[in-house]
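Working notes, structure below.
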Amino acid sequence: MKLASLRHGRDGLLVVVDRDLARSVAVPHVASTLQEAMDDWHHAAPRLMRVYDLLNEDAADGAKPFASEDCAAPLPRAYQWADGSAYVTHVELVRKARGAEMPASFWTDPLMYQGGSDGFIGAREPIVAADESFGIDFEAEVAAITDDVPMGTAAEAALPHIKLLMLVNDVSLRNLIPAELAKGFGFFQSKPASAFSPVAVTPDELGEAWSEGKVHLPLSVHLNGALFGAPNAGEDMTFSFAQLIAHAARTRLLGAGSIIGSGTVSNRDASRGSCCIAEKRTRELLDSGSPKTPFLHFGDRVRIEMLDPRGHSIFGAIDHDVVHARP
């Protein structure tokens, strides 16, 4: 099943989208927003699935052409946005470049931060930044949306709580990060609003690519039309989504509609490219002694997408420009 939120008020208008991302239908008789559906997923999901089946059979009343340009993020705002760093090889690489030894615990205890969730960017809405000197970067990731996850849920019991998956551009302001982390209180100014794919999908839509809490497909990133990287999201993922959810729920309940991010997708195989500029700059530093790839400039365009084995877009594309915030 595929779901999206058209821009409408603060929380969007929930629509069911067909498998080919060509048509959609609003479902106010089931839920007016995705959050409303998540709050009652046990009852809402079967009804939404019936609409999805009808839509794919070209038998749904009220179906209209679907356009990603009309979409907000699937959850335009959420009660919880927690981003992990499941690709420890990425962390290891970045620390190596600055001569820092990585603690052994990083391989057994996930890194995670709590991001701002009061407003997200739609897939076609711009990345707005005040100054290029902040070091504007993209971070292509996969994210899961959960139902209510009880406190203390173990990884072995976490997978059934994953109801939807989507893509993320976790925008980072790299040059603001060191000073913030030096304070010992984590990210804030260096992590502006994140962007999400136009469509969120149930895990069964991925078929065999969804295995052991990981998405085993390449995640492609294009910068100004040129391929920047396409690492496989299931490969070199040290912590599965089940493990990330268990980590987040160790001391708290996760409310329905919580979003858990994978962190920047990264593979050891450098020939597959990178899902963020910082990683590419790190490889350049290690290879030649200095980074060469600049961070984003105003006017740059970033596209993030995942295709199925037939070459069809699963989530639709995050495809947006970097624009200058004017007072």
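Here are the numbers for the structure shown:
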| item | result |
| --- | --- |
| Label-point separation in nm, residue 69 to residue 227, each point 7 Å along Cα→Cβ | 2.8 nm |
| Rough spin-label spacing in nm, given labels placed 7 Å along Cα→Cβ, for residue 61 and residue 96 | 6.1 nm |
| Area accessible to solvent at residue 108, 1.4 Å probe radius, in Å² | 110 Å² |
| Potential lengthening between residue 54 and residue 19 on full extension [0.36 nm per residue; Cα-Cα distance subtracted] | 11.5 nm |
| Alpha carbon centroid spacing (whole Å) that separates segment 162-188 from segment 1-70 | 30 Å |
| Equivalent ellipsoid, segment 175-263 (semi-axes from 5 times Cα gyration tensor eigenvalues, Å) | 25, 22, 14 |
| Most mobile of 54, 14, 244 in a GNM of the chain (Cα contacts under 10 Å) | 54 |
| Förster radius 25 Å - calculated FRET efficiency between residue 133 and residue 301, Cβ distance, rounded to 0.05 | 0.80 |
| Accessible heavy-atom area order of 30, 302, highest first, probe of 1.4 Å | 30, 302 |
| Nearest 10 degrees, 0 to 90: helix 41-56 Cα axis against the chain principal axis | 80 degrees |
| Segment 10-23 - phi-based ³J(HN,Hα) in whole Hz, Karplus 6.51/-1.76/1.60, Gly and Pro as x | 7, 10, x, 10, 5, 9, 8, 10, 6, 4, 8, 6, 9, 9 |
| Taking all pairs of distinct alpha-carbon atoms in segment 1-154, Kirkwood radius in angstrom | 18.3 Å |
| Cα-derived Rg over Rh, computed across the chain with Rh taken as Kirkwood radius | 0.95 |
| Carbon/sulfur fraction of accessible area - the chain, other protein chains in place, 1.4 Å, % | 52 percent |
| Ratio Rg/Rh [Cα only; Rh per Kirkwood] for segment 6-95 | 1.12 |
| Reference-scaled alpha-carbon Rg (2.2 N^0.38 Å with N residues) for segment 80-128 | 1.52 |
| Folded to 0 to 90 degrees: helix 277-288 orientation relative to the chain principal axis, Cα | 30 degrees |
| Residue-span extension gain [residue 104 to residue 310] - 0.36 nm each, minus C-alpha spacing | 70.2 nm |
| DSSP-defined beta bridges in the chain - what % are antiparallel, rounded to 5 | 90 percent |
| FRET efficiency, residue 179 to residue 271 (Cβ-Cβ, R0 30 Å, nearest 0.05) | 0.30 |
| Surface accessible to a 1.4 Å probe, residue 51 within the full protein complex, Å² | 20 Å² |
| Exposure rank, largest accessible area first [320, 29, 222; 1.4 Å] | 29, 222, 320 |
| GNM flexibility winner over the chain from 74, 294, 192 (Cα, springs under 10 Å) | 294 |
| Distance from segment 266-327 to segment 108-156 (C-alpha centre basis), Å | 16 Å |
| Residues of segment 227-326: accessible area per residue with a 1.4 Å probe, Å² | 40 Å² |
| Stretchable slack from residue 79 to residue 151, in nm (0.36 nm times residue separation minus alpha-carbon distance) | 24.3 nm |
| Total lysine pairs under 26 Å (Cα atoms) in the chain, excluding pairs fewer than 8 apart on one chain | 16 |
| GNM top mover of 291, 203, 103 - the chain, alpha-carbon springs below 10 Å | 103 |
| Principal-axis tilt of helix 88-97 within the chain, Cα atoms, nearest 10 degrees | 30 degrees |
| Ranked order, 210, 41, 107 - accessible area, probe 1.4 Å, largest first | 107, 210, 41 |
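The values are calculated or read from the model by the stated rules, or taken from the named source; none is laboratory data. What you see is a predicted model; the values in this text were computed from it and never measured. Counting neighbours? That spans all protein chains shown, and the Cβs are built from the backbone with ideal geometry, glycine included. Remember, those area values only see protein heavy atoms, side chains included, never the ligands or the DNA or RNA. Shrake-Rupley method; radii C 1.70, N 1.55, O 1.52, S 1.80 Å.
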